[in-house]
Amino acid sequence: MKKTRDNKKKKIRPWRFRFTLWIGFVGILVALVCGGYTLYLTDLVENRFSGRRWRVPSTVYSDATVLYSGRGITKDSFIEKLRRLGYRKSENKKLLKGEWRNATSGIDIFLHDLVVPWKKRKGFPAKMAIRHGRIAGITHLETGAALPVIELEPEEVMQLFGKERERRNLISINNVPEHLIHAVLAAEDGRFFSHFGFDPAGLARAFYTNLRHGEIRQGGSTLTQQLAKNYFLTHDRTLKRKISELFISIAIEMKYTKREILEIYLNEIYMGQKGAVSVNGMGAAADFYFDKRIEELTLAESAVLAGMIKGPNIYTPYKNREKCRKRRDFVLGTMLKKEWISEKEHKAATNIPVRPVAYLSYRKNAPYFMDYVVSQLNELYPSAVLSSLGYAIYTTLDTGVQVVAEKALRKGLERLEKQNGALYQRSPEKRLQGAVVVMQPRTGNILAMVGGRDYSVSQFNRAVQAMRQPGSCFKPFVAAAALETFKPSDFFSNRKRTYDVDGKAWTPKNFAEIPGDQLSMRDLMKVSCNLAAVDLAVRTGLSEVVAMADKFRFTTPFQEYPSIALGAFEVFPLELAAAYCAFAADGIQPYPLSLKNVVDEKGHLLVRKYVDIDSVISPEKAYLVTSMLESVVKEGTARSLSGLGITFPVAGKTGTTNNFRDAWFVGYTPDFLALVWVGFDNGEPIFFTGGGAALPIWADLVKSMPEYTSGNGFTIPPGVVKKSICKESGELASRRRCPDIYDEYFLETNCPLSECHIHRESGFFRKLFNKGKFFWGNDE
């Protein structure tokens, strides 16, 4: 019997041994395969994370706003500017950073930190006194020290997105507040710092839940697993994807520290939608929902963002604030249980209402200007670079001027349609159009650009793409060419004359009846006399006029025809505006600038494209043209400006083309230049002159930008002299004998030398007059 049992044992042992060996072999094999696969994934993860982890869109900013004593300001517009910059109104005694409040004599503001390529400055509280539409003084709110100038940060205008259209502000884990880290862990992975990429307890809980429901309901994913899924896998809930996620998570944990993993996660996580743009990462979420940088988030705000991770579009405070609050309080409760916050902190945070900033959907601001900027950027950088490398692009745009320019054009076109019902077109594509360009004459900085009345209807930028006849707006360039030979007091024929142009007869005519057989150069400019302007061009030499136009960098070709004096050759509005800048800037014509700086992610200033600034005419000639254009505003075709509220010194020129196809006004001071064009795209008549259509829009625009209307006049440069001139003869006046005398400006090298021949007395009366002085003495 004993022998039988021994035999049985001998038979059983080899089988058990073989089974154990097999199991061990399979286990080792599985371990080797899993280990090898994990090592392979480790290299894959390293390759993926060692390069560029995200496509970060470049951000386009406006110019900074400089505030100083004496600068013109509209309080309502300034408050709107603060709102766009993310400042919040406060009624509290103590201002916090990024807040403002009304004061009895102005505005108190706690400035944001300023970090731009040209300056870095910590935020501080300031008091800005405002009186009579100007800044009366700026002081430090805490120290009381007078501040000569303060600078508001540039305004974000748009972002250059790639196909993913992801908005992401990259953050460093070192800047993340501890309560945000704990809030995220409380919401998503309480044992993050103790597990190795996966949480067995969480997986068991998820397995039980899914088994009970017969389908995948719960994932049990750790932060590392979520990161693996977002970076390397699809969002399909399958067993294969779950196993891959597990192995990738282990590979990530093998290669990176917990804080590194957490930093990647906080930059990657999806946090909702801003219109068609997805908000990714806690940096972008803090900005979008609370208008704060990551380090400025409070405990309650951190709990809101952490609670949203589970379902950003479910728990968003913009859709269901009560549901968002309950989720926030759950996160705060978990933080309390884990002793990451105290009872006092928990109570205080749960008592705070959920208050996100006002929702601002993503839209393209200053769209025509932005298109122009992007076209210039594409000459310097590939579009793939701009949509992925997170450049900061600083432009010349003044958002305040841009807003009022868009408004002035829209209201002006609507006003014209009401004044003449024939202008109204039902089809949006056929409606009356316009363009506005505002520049700084000495720098060439484009402050605002409007290329049409509605970008959503037409993206055609009439400011830079439309070729239109400038009409009488070209006459100043004829005068600039003529000043080498002629003087502003010289006369030109106002008589009807026929010219031979390529074998054909051409007879110009005036827009309206202008009395007199001849007009001085100043007067022909003032009343926009066509006949005298053509005579001026022909006597100057058409080749000289064309050569002068070429100096002003017009890209459209001009020909030596008499009609050049009447603006018969088409130009681009932006080029016309830039050319006029030379008259305001002592003869120096700047290149139109929209870009100031391009900075990479690390704050390095990239190489910029420098352009030449040319002296196209002398300062003396530029001033003479400006002086004649001042007469246009004071007494000529633009004299209605004074009735529209423009009381400071302005030089300008109206322009109207044949059959009323184009209406123009270009006006400038030493501080700004603005051009307005009105017309139909198809060239149909608008039945208004430049003074009736474009000039009122110009006035509405300029009245709304007081910061550029200092009231300073034009400075007379050396080489220009003033003489008293007889209106009738154009020669030096005798104050005793000439009945109509005015002051005229001349080049020192080309001024009148002879006295008025019309009112010069005869020899007999001159002798008698001299004898009278001998007998009765000199009464002068």
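The values are calculated or read from the model by the stated rules, or taken from the named source; none is laboratory data. Here the structure is a predicted model, which is why all the values come from computation and not from measurement. Don't worry about glycine lacking a Cβ; one is built from the backbone with ideal geometry, like all the others, and counts go over all protein chains shown. Side chains are part of the model used for accessible areas, which takes the heavy atoms of the whole protein and leaves out ligands, DNA and RNA. Shrake-Rupley method; radii C 1.70, N 1.55, O 1.52, S 1.80 Å.
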Search result, residues across the range 632-653 that are open to solvent by 10 Å² or more (accessible area, probe 1.4 Å) and over 19 Å from Gln440 (Cβ atoms): Val633, Lys634, Glu635, Thr637, Arg639, Ser640, Ser642, Gly643, Leu644, Gly645, Thr647
Selection from the range 658-696 of residues open to solvent by less than 10 Å² (accessible area, probe 1.4 Å) and not in a strand (DSSP E or B) yields Thr669, Phe672, Phe680, Ile686, Gly690, Ala693, Ala694, Leu695
Taking the range 245-289, which residues are in a helix (DSSP H, G or I), of a type in the set (Phe, Trp, Tyr) and either at pLDDT below 85 or open to solvent by 10 Å² or more (accessible area, probe 1.4 Å) (or both)? Phe247, Tyr265, Phe288
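Of everything in the range 444-465, what is part of a loop (DSSP other than H, G, I, E, B), closer than 20 Å to Thr556 by Cβ and in contact with a strand residue (DSSP E or B) (Cβ under 6 Å, 6 or more places away or on another chain)? Give them in sequence order. Before you say what the answer is, go through the steps one by one.
Here is the first cut: in the range 444-465, the ones part of a loop (DSSP other than H, G, I, E, B) are 444, 451-465.
Of the ones still in play, those that are also closer than 20 Å to Thr556 by Cβ are 444, 451, 460-465.
Across the range 444-465, the qualifying residues are Gly444, Gly451, Arg462, Ala463.
Please find, within the range 70-99, the residue that is most open to solvent (accessible area, probe 1.4 Å) out of those that are part of a loop (DSSP other than H, G, I, E, B) and charged (D, E, K, R).
We begin by selecting, within the range 70-99, every residue part of a loop (DSSP other than H, G, I, E, B); these are 70-71, 73-74, 85-87, 90-98.
Adding the requirement that they be charged (D, E, K, R) leaves 71, 91, 93-94, 97.
Values: Arg71: 33, Glu91: 154, Lys93: 195, Lys94: 143, Lys97: 70 Å².
The extreme case among them is Lys93.
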Are any residues in the range 124-139 buried (at least 17 other Cβ atoms within 10 Å of the Cβ) and of a type in the set (Val, Ile, Thr), and if so, which ones? Ile130, Ile135, Ile138
Single unsatisfied condition, Pro476 versus (1) assigned to a loop (DSSP other than H, G, I, E, B); (2) touching a strand residue (DSSP E or B) at 6+ places or on another chain (Cβ under 7 Å); (3) open to solvent by less than 80 Å² (accessible area, probe 1.4 Å): (1)
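Only one of these is at pLDDT below 95, open to solvent by 20 Å² or more (accessible area, probe 1.4 Å) and aliphatic (A, V, I, L, M): Val538, Val501. Name it. Lay out the reasoning, then the answer.
Details: Val538 fails: at pLDDT below 95.
After ruling out the rest, the residue left standing is Val501.
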Could you count how many residues in the range 507-534 are buried (at least 24 other Cβ atoms within 10 Å of the Cβ) and assigned to a loop (DSSP other than H, G, I, E, B)? 2
Quick count over the range 542-570, residues being open to solvent by 20 Å² or more (accessible area, probe 1.4 Å), outside any helix (DSSP H, G or I) and out of contact with any Lys or Arg (no Cβ under 7 Å at 6 or more places or on another chain), is 9
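Pick from Glu151, Glu142: which is outside any helix (DSSP H, G or I), surrounded by fewer than 19 Cβ atoms within 10 Å (Cβ to Cβ) and either touching a Phe, Trp or Tyr at 6+ places or on another chain (Cβ under 9 Å) or of a type in the set (A, V, I, L, M) (or both)? Write out each step before concluding.
Values: Glu151 fails: either touching a Phe, Trp or Tyr at 6+ places or on another chain (Cβ under 9 Å) or of a type in the set (A, V, I, L, M) (or both).
Being outside any helix (DSSP H, G or I), surrounded by fewer than 19 Cβ atoms within 10 Å (Cβ to Cβ) and either touching a Phe, Trp or Tyr at 6+ places or on another chain (Cβ under 9 Å) or of a type in the set (A, V, I, L, M) (or both) holds for just one of Glu151, Glu142, which is Glu142.
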What are the pairs with Cβ atoms under 6 angstrom where one residue, in the range 551-571, is of a type in the set (S, T, N, Q) and the other, located anywhere, is assigned to a loop (DSSP other than H, G, I, E, B)? Sequence gap at least six, or different chains. Thr556/Glu570
Take Ser493 and decide whether it is open to solvent by 10 Å² or more (accessible area, probe 1.4 Å) and among the polar types (S, T, N, Q). yes
Residue list for the range 110-139, restricted to those being under 27 Å from Val279 (Cα atoms), touching a residue at least 60 places away in the same chain (Cβ under 8 Å) and not in a strand (DSSP E or B): Pro117
Determine the pairs where a residue that is under 16 Å from Ala694 (Cβ atoms), located within the range 667-683, has a partner that is crowded, with 24+ Cβ neighbours inside 10 Å and among the aromatic types (Phe, Trp, Tyr) with Cβ atoms under 6 Å apart, the partner being 6 or more residues away or on another chain. Gly667/Trp698; Leu673/Tyr580; Ala674/Trp698; Val676/Phe665; Val676/Trp698; Trp677/Trp664
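In the list Ile171, Ile107, which residue meets the criterion of being surrounded by 15 or more Cβ atoms within 10 Å (Cβ to Cβ) and touching a residue at least 40 places away in the same chain (Cβ under 8 Å)? Lay out the reasoning, then the answer.
On the way: Ile107 fails: touching a residue at least 40 places away in the same chain (Cβ under 8 Å).
Criteria check complete, one pass: Ile171.
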Testing Asp329 on (1) touching a helix residue (DSSP H, G or I) at 6+ places or on another chain (Cβ under 7 Å); (2) in a loop (DSSP other than H, G, I, E, B); (3) surrounded by fewer than 20 Cβ atoms within 10 Å (Cβ to Cβ), one condition comes back false. Which one is that? (2)
Would you tally the residues in the range 390-431 being of a type in the set (D, E, K, R) and either touching a strand residue (DSSP E or B) at 6+ places or on another chain (Cβ under 8 Å) or open to solvent by less than 40 Å² (accessible area, probe 1.4 Å) (or both)? 3
Do we have Lys323 as surrounded by fewer than 20 Cβ atoms within 10 Å (Cβ to Cβ), free of Cβ contacts under 8 Å to residues at least 40 places away in the same chain and among the basic types (Lys, Arg) here? yes
Give just the number: which of (1) touching a residue at least 60 places away in the same chain (Cβ under 8 Å); (2) within 27 Å of Gly567 (Cβ to Cβ); (3) buried (at least 17 other Cβ atoms within 10 Å of the Cβ) does Ala699 not satisfy? (1)
Check Val464, Val437, Val457, Val450 and return the single one that is without any contact (Cβ under 8 Å) to a residue 60 or more places away in the chain, under 21 Å from Val678 (Cα atoms) and of a type in the set (A, V, I, L, M, F, W, C). Val457
